[in-house]
Structures are given as C-alpha cells and as structure tokens.
Amino acid sequence: MGYVIAIAVIILIPLIWVMAIYNRLVKIRQTVSDSWAGIDVELKRRYDLIPNLVETVKGYAAHERDTLQSVVELRNKAVASTGSPASQAVDEQKLALGLQRLFAIAESYPQLKADQNYLALQKELAITEDRIAASRRFYNGNVRDMNTLCQTFPTNLIAGAFGFEPVTFFELTNVTERVVPRVAMD
C-alpha cells in the first residue's frame, strides 16, 4: 500500500505543477488579449476624433489640403491595420507624425487656435493619447509577464509543450513620436 501512495505522490505532484503552470499561462494569455482590446478601444476613439478635427481645421486652412488629406489617409490606413501589435505600431507611428503636422498647421492660424470646437477636439484627442499610452503600458506589462514565463526555466518547458509563445510588445521606436499632442489654450 505504501508503494501505491508513493507512486501516486510521485505522479500527482508533477501533474499538479504542470496544471498550475498551464493555467497560469492561459490566464496571462487572456490578460494580454484583454489588455490589447483596451488599446484597440482607445485607438478607435482616436480614429473617430480625427475626421472631426480635420474638418474643423479645413474651414480655416483650406490651402493646406495635402496635409489634411495625408492625415485622413494615415488614419484610414491605421483603422484598417489589424496585424500584429508591431505592424499596427508602425501605422500608429505614421499617424502620430501626421497629427503633429496637423497641429503645426493649426499653430499658424490664430482664429483656429481660438475656435472652441477645435480646442475641444484637440483636448479630447490629448486625453485619448494619454489613455492610449496608459493602455499600452498595461499591455506591455502583461506581454513582459507572458514572455518571462515563456522564456524562463522551468515554465518554458510547459509553455513550449503546449504551444505558448512570446508576444510582441506594442511600442513606439522614435522618441518624437512619443509626444502627446499639445493642447494650447492661448
């Protein structure tokens, strides 16, 4: 009887350990997916604000049509981007640069800078950019945890056996692209 108990313990302990690690990996994978959905919500919010901002600027800066059209095209490309976080980050970086150009144009128009619709849209976009940054930090923290589990011993054995793989961070590569659009109240 003692042998049966010893064999059961020898089999059960590793089995329980494997189950615990597997469940931890599943939980963190779900957390990564959930945190990506948070980024996605904020990006969609940004996409909805941009056409309104562009239309407001159009009324004052009609001759800046190329820049305005470029921002609309960059926005549409970012909306259509559904690949990995890394590929979406590239489109988001381009959109952020386009928005910076749009705000640079707005600086040249004192009447526009005083327009309440423009100021409200610009402020809302700045808030959205802050939310995107917070969501990105949350996502990247979860990605870090997932990648640590997938790459450290002994959890990497379980991760590899069950097909868990490291996840790509959602990050900006250029320091100037990390700048939140400035809200000028003057």
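The values are calculated or read from the model by the stated rules, or taken from the named source; none is laboratory data. Keep in mind that what you see is a predicted model, and the values were worked out from it rather than measured. Glycine gets a Cβ as well: all are built from the backbone with ideal geometry, and neighbour counts include every protein chain shown. The area values use the complete protein model at the heavy-atom level, side chains included, leaving out ligands, DNA and RNA. Shrake-Rupley method; radii C 1.70, N 1.55, O 1.52, S 1.80 Å.
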request  = Considering only the stretch 37-56, state which residues are touching a helix residue (DSSP H, G or I) at 6+ places or on another chain (Cβ under 6 Å), open to solvent by 50 Å² or more (accessible area, probe 1.4 Å) and closer than 21 Å to R137 by Cβ.
outcome  = R45
task = Go through (1) within 30 Å of P166 (Cβ to Cβ); (2) more than 31 Å from the chain's Cα centre (by Cα); (3) surrounded by 12 or more Cβ atoms within 10 Å (Cβ to Cβ) one by one and return the number of the condition G59 breaks.
result = (1)
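If you take the residues in the stretch 62-82 that are of a type in the set (S, T, N, Q) and within 19 Å of E129 (Cα to Cα), which one is least open to solvent (accessible area, probe 1.4 Å)?
Among them, the one singled out is S81.
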request  = Scan the stretch 16-36 and give yes if some residue there is closer than 17 Å to L121 by Cβ, within 21 Å of the chain's Cα centre (by Cα) and open to solvent by 40 Å² or more (accessible area, probe 1.4 Å), otherwise no.
outcome  = no
